[in-house]
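Read the structure below first, then the notes.
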């Protein structure tokens, strides 16, 4: 879900026989980057091992790798690189340059921390609105599956957005062991009822290209101060999937105007904040599926589902 925050690796990793930085350096060498002087770990990594590789004869690069491929599949980094390219080529959203993407490593150009000011976020509102309004698609899905953290995001094509969201973004998580353990049968039944009522709860919106894992830690900056995105899980789905993730994951105070500007540019109705908990269920379920400590996801899920529980 990101190389720098929640919703990544399931629970605990197996101990590594070599240090994370040694593993990253080895895989960089196998990828043809052999002038690495040192690898500095990136703090907070949960979905993957990550670091900045400083090189003798070239600028530093960002590198990440899995000790073990997620879901027994070795295409995660190829799919992630493709998502970065799609965001850039289809909508002009800045993303890091993909230097290497193969079965065991992803190497990207290094971005910058985002500046802590309102102008940055207001400009990002324009960029995200352009992404969502310029890529409207007739179907929901993507031509391949990709990954949220270490779990597969299923992207089978669908004509019905409500059915797509219910099956592939909500109910898909019920079979995950941690979700089965954390949610009571009444909660799982409530999620089924919520899914059946999605056409009543959410407006009928078209599909568009979405980042898919858009919390604030996945928003960085280019050298000239523009917003740049990392760690996508792209698909054609509702634009409010991206909006909900930002809205409900404690964005910084300077981002407050972002939501007003985005709403003005896209014509959002005044009721959009009330829909965010329902749409964000998708991400809370993904967190619950992947972590021993779910950071309150189970409690939030139960609270959102409470109106849909059967009454005695």
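The values are calculated or read from the model by the stated rules, or taken from the named source; none is laboratory data. Here the structure is a predicted model, which means the values were calculated and not measured. Virtual Cβ from ideal backbone geometry, glycine too; neighbours counted across all protein chains shown.
Structure values in brief
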{"quantity": "Elements of type helices (runs of 4 or more DSSP H) in the range 163-215, at least 2 residues being within 30 Å of residue 92 (Cβ to Cβ)", "calculated": "none"}
{"quantity": "Leading residue by the ranking (surrounded by the most Cβ atoms within 10 Å (Cβ to Cβ)) among those in the range 118-137 that are more than 15 Å from residue 209 (Cα to Cα) and in contact with a helix residue (DSSP H, G or I) (Cβ under 6 Å, 6 or more places away or on another chain)", "calculated": "121"}
{"quantity": "Residue match in the range 176-183 (condition: exposed (fewer than 14 other Cβ atoms within 10 Å of the Cβ), more than 22 Å from the chain's Cα centre (by Cα) and farther than 29 Å from residue 84 by Cβ)", "calculated": "yes"}
{"quantity": "Top-ranked residue in the range 282-301 [being free of Cβ contacts under 8 Å to residues at least 24 places away in the same chain and closer than 17 Å to residue 171 by Cβ; ranked as surrounded by the fewest Cβ atoms within 10 Å (Cβ to Cβ)]", "calculated": "284"}
{"quantity": "Selection within the range 32-49 - surrounded by 14 or more Cβ atoms within 10 Å (Cβ to Cβ), assigned to a strand (DSSP E or B) and at pLDDT 95 or above", "calculated": "36, 39"}
{"quantity": "Positions within the range 258-281 being out of contact with any helix residue (DSSP H, G or I) (no Cβ under 9 Å at 6 or more places or on another chain) and either touching a residue at least 40 places away in the same chain (Cβ under 8 Å) or assigned to a helix (DSSP H, G or I) (or both), in sequence order", "calculated": "274"}
{"quantity": "Selection from the range 138-175 of residues that are over 23 Å from residue 76 (Cα atoms) and either crowded, with 18+ Cβ neighbours inside 10 Å or touching a strand residue (DSSP E or B) at 6+ places or on another chain (Cβ under 6 Å) (or both)", "calculated": "161, 162, 166"}
